[in-house]
Amino acid sequence: MIKRRFIFIVSLAAAVLMAQGCGSGDGGPGTGADTGSAPGETGSVAASFSLTSASIDSGGAISKKYACESEGGSDISPQLGWTGPPAGVAAYAVIMDDETPPCGKGASACMHWSVFNIPADKTGLAEGEDMSAIGGVALGRNYTGANGYAGPCPPSPHVYKITVYALSGDAPVIKAGEAYTRAGFEAAFARSIIGSDTIEGTYSP
């Protein structure tokens with residue numbers, strides 16, 4: 001009787017130790033240890049999405065050519081090009097804004113340029129391109145109250161950021177005259193943005 005009880009106790013202890021071993025932090029289900037994305041998922045594809053400009057070296061100076069006319073500029077929109085779009089892109093949007101005081105930050109930034117509903121087969125915008133010639137494209141409202149491009153026109157050096165957004169097929173068609181800063185657009189269309197990239201430049205009067 002004593003021998004049988006001893007064998008039972010030893011077997012029970014072994015079972016408990018095995019159960020504790022299976023529940024250790026080994027990255028199994030429910031531990032939260034495996035949070036990486038599998039290769040080829042949207043995040044890894046979108047990481048290759050890149051915006052460049054022959055008009056503006058990112059982080060460099062913006063030429064007077066792209067400034068407002070009162071600054072002696074031509075008030076012409078810069079050239080943009082993008083590569084490596086994420087899978088499933090259905091349209092693009094481009095927004096340029098300024099967060100240098102007295103402009104605000106985020107949704108309160110000064111709006112300079114926004115182009116919506118750019119077709120998925122476009123790989124960029126030419127310098128001064130006529131957006132009305134691109135089917136379906138709509139221009140947003142800038143800080144002057146007009147639709148289209150409004151070049152830098154500051155009293156002191158300001159930094160301008162331009163972001164291109166790759167949008168999925170569930171993104172709605174955006175009407176002309178909508179007023180979005182980059183932060184405002186990102187908040188409004190977060191579920192449809194599958195990739196983005198930004199360049200910036202400084203204009204000094």
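A compact table of results
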{"read-out": "Qualifying residue in the stretch 165-182 (condition: part of a strand (DSSP E or B), in contact with a Leu (Cβ under 7 Å, 6 or more places away or on another chain) and in contact (Cβ under 8 Å) with a residue 40 or more places away in the chain)", "value": "no"}
{"read-out": "Test for Pro102: is it on the phi < 0 side of the Ramachandran plot, without any contact (Cβ under 8 Å) to a residue 24 or more places away in the chain and not polar (S, T, N, Q)", "value": "yes"}
{"read-out": "Close pairs from the stretch 48-66: first free of Cβ contacts under 8 Å to residues at least 12 places away in the same chain, partner among the aliphatic types (A, V, I, L, M) and outside any helix (DSSP H, G or I), Cβ under 7 Å, at least 6 apart", "value": "Lys65/Ile76"}
{"read-out": "Residues satisfying the stated conditions in the stretch 88-111, i.e. small (Gly, Ala, Ser) and out of contact with any Pro (no Cβ under 8 Å at 6 or more places or on another chain)", "value": "Gly88, Ala90, Ala93, Gly104, Gly106, Ala107, Ser108, Ala109"}
{"read-out": "Number of the exception - Gly72 against (1) farther than 14 Å from Thr163 by Cα; (2) surrounded by 18 or more Cβ atoms within 10 Å (Cβ to Cβ); (3) not aliphatic (A, V, I, L, M)", "value": "(2)"}
{"read-out": "Filter result (surrounded by 21 or more Cβ atoms within 10 Å (Cβ to Cβ) and either basic (Lys, Arg) or under 16 Å from Phe189 (Cβ atoms) (or both)) within the stretch 95-110", "value": "Ile95, Asp97"}
{"read-out": "Qualifying position, being touching a strand residue (DSSP E or B) at 6+ places or on another chain (Cβ under 6 Å) and within 17 Å of Tyr66 (Cβ to Cβ), among Val137, Val159", "value": "Val159"}
{"read-out": "Scan of the stretch 103-152 for residues that are of a type in the set (Val, Ile, Thr), under 26 Å from Ser204 (Cβ atoms) and not in a loop (DSSP other than H, G, I, E, B), ordered by number", "value": "Val115"}
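Each reported figure results from applying straightforward, stated rules to the coordinates on display, with no laboratory input. These figures come from a predicted structure and were not determined experimentally. Cβ sites come from the backbone with ideal geometry, for glycine too, and all protein chains shown count toward neighbours.
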